[in-house]
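Q: Handing you a structure now.
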């Protein structure tokens with residue numbers, strides 16, 4: 001050790017700077033190596049995902065996993081919650097075609113990463129979680145990422161949050177068994193909802209668009225996402 005050096009403070013500053021550089025490079029690698037290669041080509045969206053620090057939205061101590069091309073566990077409570085893989089999430093958000101000023105509902109927001117991306121795109125965002133403790137974590141992460149303007153609310157996921165609607169766009173962060181009718185009812189005219197519908201090899205990213213009281217449904221691409229318990233189809237009785 002060099003005489004007169006101050007290892008503690010100097011080392012901490014160095015490691016902090018190094019970490020920031022590494023995460024910035026990880027974001028660029030995610031954009032170029034995951035998003036662009038999976039047909040995510042909307043420039044405002046690519047810019048948003050290149051600037052929102054995904055590492056702020058994972059469980060403490062797991063920041064090094066933030067940019068892997070997998071769904072990442074962000075809550076290990078009884079009702080587990082995941083942050084969708086960058087490739088799938090990027091394609092889902094792109095399908096919504098968000099314009100600045102639009103009202104967005106982010107269902108099963110976890111720690112708030114997708115909400116931060118929507119906020120970066122200029123949307124008015126409501127982030128919905130079922131668990132108040134996880135919602136509190138989301139508020140903290142969003143504030144740290146400069147997205148404190150996102151309204152984080154709690155309630156049953158399958159019921160949405162009509163108080164801030166109607167919405168121009170709704171994202172469900174996970175897969176569902178059935179058409180989410182209660183959420184579709186909270187769309188404005190021309191509003192869009194995107195989710196992963198189905199399980200296993202049958203799972204597809206699906207887009208719904210409202211026209212009056214009717215909802216068009218279009219299959220977009222093959223996708224896998226963790227199943228959200230409130231949207232599970234319960235087996236019926238057989239006689």
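Conditions (1) over 17 Å from residue 135 (Cα atoms); (2) within 13 Å of the chain's Cα centre (by Cα); (3) free of Cβ contacts under 8 Å to residues at least 60 places away in the same chain; (4) surrounded by fewer than 23 Cβ atoms within 10 Å (Cβ to Cβ), marked per residue:
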site	(1), (2), (3), (4)
60	no, no, yes, yes
64	yes, no, yes, yes
69	yes, no, yes, yes
73	no, yes, yes, yes
77	no, no, yes, yes
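Q: Can you say whether residue 175 is closer than 25 Å to residue 54 by Cβ, in a helix (DSSP H, G or I) and touching a residue at least 40 places away in the same chain (Cβ under 8 Å), as far as the supplied structure shows? Walk me through how you get there before you give the answer.
A: Details: closer than 25 Å to residue 54 by Cβ: yes; in a helix (DSSP H, G or I): no; touching a residue at least 40 places away in the same chain (Cβ under 8 Å): yes.
Against the criterion (closer than 25 Å to residue 54 by Cβ, in a helix (DSSP H, G or I) and touching a residue at least 40 places away in the same chain (Cβ under 8 Å)), residue 175 does not qualify.
Q: Moving on to the next point. Given 112, 101, which one is at positive phi, free of Cβ contacts under 8 Å to residues at least 40 places away in the same chain and touching a strand residue (DSSP E or B) at 6+ places or on another chain (Cβ under 8 Å)?
A: Testing whether each residue is at positive phi, free of Cβ contacts under 8 Å to residues at least 40 places away in the same chain and touching a strand residue (DSSP E or B) at 6+ places or on another chain (Cβ under 8 Å) leaves just 101.
Q: Would you be able to tell me the number of residues in segment 160-186 that are within 17 Å of residue 79 (Cβ to Cβ) and surrounded by fewer than 16 Cβ atoms within 10 Å (Cβ to Cβ)?
A: Adding up the residues that qualify gives 1.
Q: Considering only segment 178-191, state which residues are in contact with a helix residue (DSSP H, G or I) (Cβ under 6 Å, 6 or more places away or on another chain) and either within 24 Å of residue 224 (Cβ to Cβ) or free of Cβ contacts under 8 Å to residues at least 60 places away in the same chain (or both).
A: Residue satisfying the conditions is 182 alone.
Q: For segment 92-100, indicate whether the set of residues that are touching a helix residue (DSSP H, G or I) at 6+ places or on another chain (Cβ under 8 Å), assigned to a strand (DSSP E or B) and surrounded by fewer than 24 Cβ atoms within 10 Å (Cβ to Cβ) is non-empty. Even if it seems obvious, please write down each step before you answer.
A: Narrowing segment 92-100 to residues touching a helix residue (DSSP H, G or I) at 6+ places or on another chain (Cβ under 8 Å): 93-94, 98.
Then drop every residue that is not assigned to a strand (DSSP E or B), which leaves none.
Taking every residue of segment 92-100 in turn, none turns out to be touching a helix residue (DSSP H, G or I) at 6+ places or on another chain (Cβ under 8 Å), assigned to a strand (DSSP E or B) and surrounded by fewer than 24 Cβ atoms within 10 Å (Cβ to Cβ).
Q: Tell me which residues, restricted to segment 98-111, are within 15 Å of the chain's Cα centre (by Cα) and within 14 Å of residue 123 (Cα to Cα).
A: 98, 104, 105, 106 - these are the residues of segment 98-111 that are within 15 Å of the chain's Cα centre (by Cα) and within 14 Å of residue 123 (Cα to Cα).
Q: I'd like to know if segment 192-202 contains one or more residues that are in a strand (DSSP E or B), free of Cβ contacts under 8 Å to residues at least 24 places away in the same chain and out of contact with any helix residue (DSSP H, G or I) (no Cβ under 9 Å at 6 or more places or on another chain).
A: The answer is yes; a qualifying residue exists.
Q: What number goes with the only condition from (1) surrounded by 14 or more Cβ atoms within 10 Å (Cβ to Cβ); (2) in contact with a strand residue (DSSP E or B) (Cβ under 9 Å, 6 or more places away or on another chain); (3) outside any helix (DSSP H, G or I) that residue 146 does not pass?
A: (2)
Where a number appears in this text, it was derived from the coordinates with a stated rule and is not lab data. As the structure is a computational prediction, the values presented were derived from the model and not from experiment. Backbone-built Cβ (ideal geometry, glycine too); neighbour counts: all protein chains shown.
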